[in-house]
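The values are calculated or read from the model by the stated rules, or taken from the named source; none is laboratory data. Quantities reported herein were computed from a predicted structural model and do not represent experimental measurements. With ideal geometry, Cβ positions are generated from the backbone for all residues, glycine too; neighbour counts draw on all protein chains shown. Quick note on the areas: whole protein, heavy atoms, side chains included, nothing else; ligands and nucleic acids left out. Shrake-Rupley method; radii C 1.70, N 1.55, O 1.52, S 1.80 Å.
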Amino acid sequence: MKMTLLGAGVRAPFVLRGLAAGAADLDLDEVVLFDADPERLELMTALGGHFAASWGAPFTVRSEPDAASALAGARFVFSAIRPGQEAARAVDEEVPLKHGVLGQETTGPGGFAMAMRTIPAMVEYGRLIERVAPSALLVNFTNPVGIVMQALHDHTSVRAIGICDGPIAMQRSVAEFLGLPREQVHADYAGLNHCGWIHRVLVDGEDRLPEVLDRFEELQAADHQWALFDPELVRSIGMLPMEYLYFYYYRDTAVAHIRGSGSSRGRQLQALNDALWPVLRARIDAGDLPGAQTAWERAMGERDATYFARERGETVEEEGEPGDVFEGEGVATAVMAAATRRRKTPLIVDVANRGAIGELDDDDVVEVTCLVDEHGAHPIAQGRLPEAAADLLQQVKLYERRTVEAAITGSYEAALEALLVHPLVASYPTAKRILDDYVAGLAGLLPALH
């Protein structure tokens, strides 16, 4: 069985590790890497093959410089592309900060700019998959996941499931707090990508969420990811918010922290990657794959150690060891295993709503608890959400739909409306200044707007 990885970036070895760990359930014998950058493709294929051999993976790793050939006949496709790379991400984040608006990779204007660059490429790949691998399941990890999935749903017929690190990390954290294996804790999660909540925690049919909310300070002490939120806020919401909701609940604080850090996350990662690639080139050319592995592990440790530090207003530490497989890659493996073994597996993923969240349309892509099997992801009805949560989802979904329209049609008006209706912008003059700065700063990377 063949799997194709679209986008051979620095996280590619994490994907391979997830596949190696779940190899018994996947029946993979070949993983093909494709990337638009030939050098990046060459280096990640060499490093990925070294890792796979060291793990005893039962599949081979090879590269294919032609997208159609890479995708042809694939049973699964994992996408993690980034048009413009970190240099464009830095522009995404720095433009809104200049105007006093949140600058973050996937949320607010930063997510808008990334989506505008990414949607045309992902729709093109989706249509290519329709032609050369019509039975393939696309597992999308390309950010911003929810908006990309909306575009794929609306403008292709490819079978696709979107995945994200956040919700599964939340479920794991709650399970560990309750002293239970994650498989014994059913988390009902509802929202959009990077904008959702756990609103039920079922253990043997009993909802343990009220207990978790009452003991939220203990949960914070046990896991740093919850430190972003005041316990009083969480208890008033009555749900556990995913970390990106920090940007909505603490908007001004987040902007002040990022601006006060003196740089942006995108600029930091650009410098990190710019330093890493030449080292990998030199080590691999010298035949020193263990040395390349050491350099990669050091860079990934720094990347992991500095995650969300600026946004929290903390000192950006640059030491650390690379963690285990990123949660998202673990979810990807679980999605593929569910399809391969024809078993229903509860997972939190991004799919068309189909009534799961009553306040949204059936064709709105949402992030909810689903049962995943060989036929795809089947959303579980989540019931009514609190009015404030539903209102936020409806407003963000409107922004997402206008962004897809702008990326597909090239409409300047749709792009401007997308920024205007986003709750983190909500100002016509500011939205127009941000959009015009993106058009100038990302020339050649955004669709031509008319």
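Annotations
- Residue match in the stretch 137-157 (condition: more than 30 Å from Ala113 (Cβ to Cβ) and under 22 Å from the mean Cα position of the chain (by Cα)): no
- Subset tally (residues that are more than 21 Å from the chain's Cα centre (by Cα), within 20 Å of Thr106 (Cα to Cα) and of a type in the set (Lys, Arg)) for the stretch 253-305: 1
- Residues located in the stretch 68-107, provided they are in a helix (DSSP H, G or I) and among the charged types (D, E, K, R): Glu86, Arg89, Asp92, Glu93, Glu94, Lys98
The rows are residues; the columns are (1) open to solvent by 60 Å² or more (accessible area, probe 1.4 Å); (2) polar (S, T, N, Q); (3) assigned to a helix (DSSP H, G or I).
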| position | (1), (2), (3) |
| --- | --- |
| Gln220 | no, yes, yes |
| Ala227 | no, no, yes |
| Ser236 | yes, yes, yes |
| Glu311 | no, no, yes |
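- Where a residue in the stretch 27-45 is under 18 Å from Lys2 (Cα atoms) and open to solvent by less than 20 Å² (accessible area, probe 1.4 Å) and its partner, wherever it lies, is outside any strand (DSSP E or B) and among the hydroxyl-bearing types (Ser, Thr, Tyr), with Cβ under 7 Å and at least six apart: Leu33/Thr45
- For Trp55: the one exception among (1) open to solvent by 20 Å² or more (accessible area, probe 1.4 Å); (2) of a type in the set (Phe, Trp, Tyr); (3) touching a residue at least 60 places away in the same chain (Cβ under 8 Å): (3)
- Here is the figure for the stretch 58-67: residues that are more than 18 Å from Val132 (Cα to Cα) and either open to solvent by 30 Å² or more (accessible area, probe 1.4 Å) or part of a strand (DSSP E or B) (or both) total 4.
- Subset of the stretch 108-132 (residues that are under 18 Å from Ala8 (Cβ atoms) and part of a loop (DSSP other than H, G, I, E, B)): none
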